[in-house]
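Structure, as structure tokens:
The values are calculated or read from the model by the stated rules, or taken from the named source; none is laboratory data. Quick caveat: nothing in here was measured; it's all calculated off a predicted structure. Glycine gets a Cβ as well: all are built from the backbone with ideal geometry, and neighbour counts include every protein chain shown. Accessible surface is based on the protein model in full, side chains and every heavy atom, while ligands, DNA and RNA are left aside. Shrake-Rupley method; radii C 1.70, N 1.55, O 1.52, S 1.80 Å.
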Amino acid sequence: MTEAAPIATRAPGPFSRFEFLVAGRYLRARRRERFVSVITGLTLVGVVLGVATLIVVMSVMNGFRTELLGKILGLNGHFVVQTMEGSGLADYPDVVTRLEGVDGVRYAIPYVEGQALASSSASATGVVVRGIDEASLKKLESLRDAAVLGGWDQWNSGQGVAIGQRLAERLGVTIGDEITIINPNGTLTPFGRTPAERTLPVNVIFNLGMPEYDSFYVYLPMQEAQVYFKLYEDRLKPGVAMPGVMATDAEIDAAYERGYQATGVEVFVDDPDSIRGMKDKLQAALDRPFAVADCQQRNATFFSALQVERVVMFVILSLIILVAAFNIIASLVMLVKDKGPDIAILRTMGATRASILRIFSMTGFAIGLVGTFLGLVLGLVFAINVEPIRATVSGLLNIPIFPPELFLMAGLPSRIDPTEVVLVVLLSLGLTFLAALYPAWRAARLDPIEGLHQ
């Protein structure tokens, strides 16, 4: 009688159906394991809230950054081109033509700028006087559309100024009232330099929603500003002899012409994120060396503060996910301790240490995966509808939440960055996976004999 051959058995491979079934079973608690189930549920909620909060806050910060840069760069160009000596730019029409011919440049505008003292019968304050022409005004949509009183019609031929609404309130003036602007660089006399003083009516009052512009900027027509700041040079007309002693005042005036100058030229590009590569192109398009400064150089403190704030907020809010990851460690350690006899039985039935490691790793990672997915959905829903949610909550509680007059914006802005969303998801999955490794390693190291003894 021949002996029967033993039946060959093959252990299940890695990530087999058996391992997924056991891991899923451990995620469903029975009555006596209700406490472990509550801890697991709270851990899941922590991951959901951490991911959702990080997505919402980063989206709102991106929205604030976009709104602020849009308002700042809507008036100030991405680049400023000035002479190397810092003197007036005489051939600015040619410079504008050359710059607008560069690929990627939306438009370029010349400007005149200087500081002065603005006064009225009620008050006085320091201001920045800026001169622009009507063609440039048509390009600056944010300024053109910001007029709340008056209008920009026939700006070049007008004899008036445009001021911000906050400045108008500070000076106590409105449309048609006169203000006086004074700067110390006036006419040179034998007794010294007298201040330059002009009294002009207010033709436009604008509201840009930014205190820096609404409180301190005064706009003049380009030629008015050039004359006011003496940005011109007297030169003889060709073919006209030097006036003699016997020449009349009219002949002397007719013999001269004024070569108007600009303080500089502002350049607006199509893609603000590519300004690093545009600087060399702009310099190459000019016929001589110019001082070309981009917006990040001119607002280095502002851009640095924005970047530091984004990084700090990301790190701080990431701690929420880190806390949830530690909760995963705690809940799995408790689960391993509770399932000691089950682990011992699985080991005696042929389950390897690697199989036990994978089972508990999948159990912990499943919590992170489900929590991350739910947090992603919740965060995107809130980020997309953050302004309606703010308005609804503010109306229900009758409390102003992020009031527009304080934050200088019509609503709570939000801009979802797909790269940041992917980074948040990967961060959450990575932390939860790492958190599941230690309890799983402890489960794999459990002695079957000790487990059976328990």
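Some observations on this one:
Condition check ((1) touching a residue at least 40 places away in the same chain (Cβ under 8 Å); (2) more than 27 Å from Arg17 (Cβ to Cβ); (3) open to solvent by 70 Å² or more (accessible area, probe 1.4 Å)) across all residues:
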| residue | (1), (2), (3) |
| --- | --- |
| Ile328 | yes, no, no |
| Ser331 | yes, no, no |
| Leu335 | yes, no, no |
| Ala344 | yes, no, no |
| Phe365 | yes, no, no |
| Phe373 | no, no, yes |
| Ser394 | no, yes, no |
| Arg415 | yes, yes, yes |
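- Scan of the range 286-316 for residues that are exposed (fewer than 13 other Cβ atoms within 10 Å of the Cβ) and closer than 24 Å to Ala90 by Cβ, ordered by number: Asp287, Arg288, Pro289
- Filter result for Ala168 (over 26 Å from the mean Cα position of the chain (by Cα), crowded, with 17+ Cβ neighbours inside 10 Å and not polar (S, T, N, Q)): yes
- Boolean, Ala324 is under 24 Å from Gly41 (Cβ atoms) and not charged (D, E, K, R): yes
- Single unsatisfied condition, Gln283 versus (1) under 30 Å from Val425 (Cα atoms); (2) of a type in the set (S, T, N, Q); (3) open to solvent by less than 80 Å² (accessible area, probe 1.4 Å): (1)
- Single condition Ser428 does not satisfy, out of (1) within 30 Å of Val333 (Cα to Cα); (2) at pLDDT below 85; (3) surrounded by 18 or more Cβ atoms within 10 Å (Cβ to Cβ); (4) not acidic (Asp, Glu): (2)
- Residue in the range 163-182 that is free of Cβ contacts under 8 Å to residues at least 40 places away in the same chain and more than 30 Å from Leu69 (Cα to Cα) present: yes
- For the range 84-116, the set of residues classified as of a type in the set (Val, Ile, Thr) and either more than 25 Å from Tyr217 (Cα to Cα) or touching a Gly at 6+ places or on another chain (Cβ under 8 Å) (or both) consists of Val95, Thr97, Val102, Val105, Ile109, Val112, listed by residue number.
- Residue within the range 410-419 that is in a helix (DSSP H, G or I) and modelled with pLDDT of 80 or more present: yes
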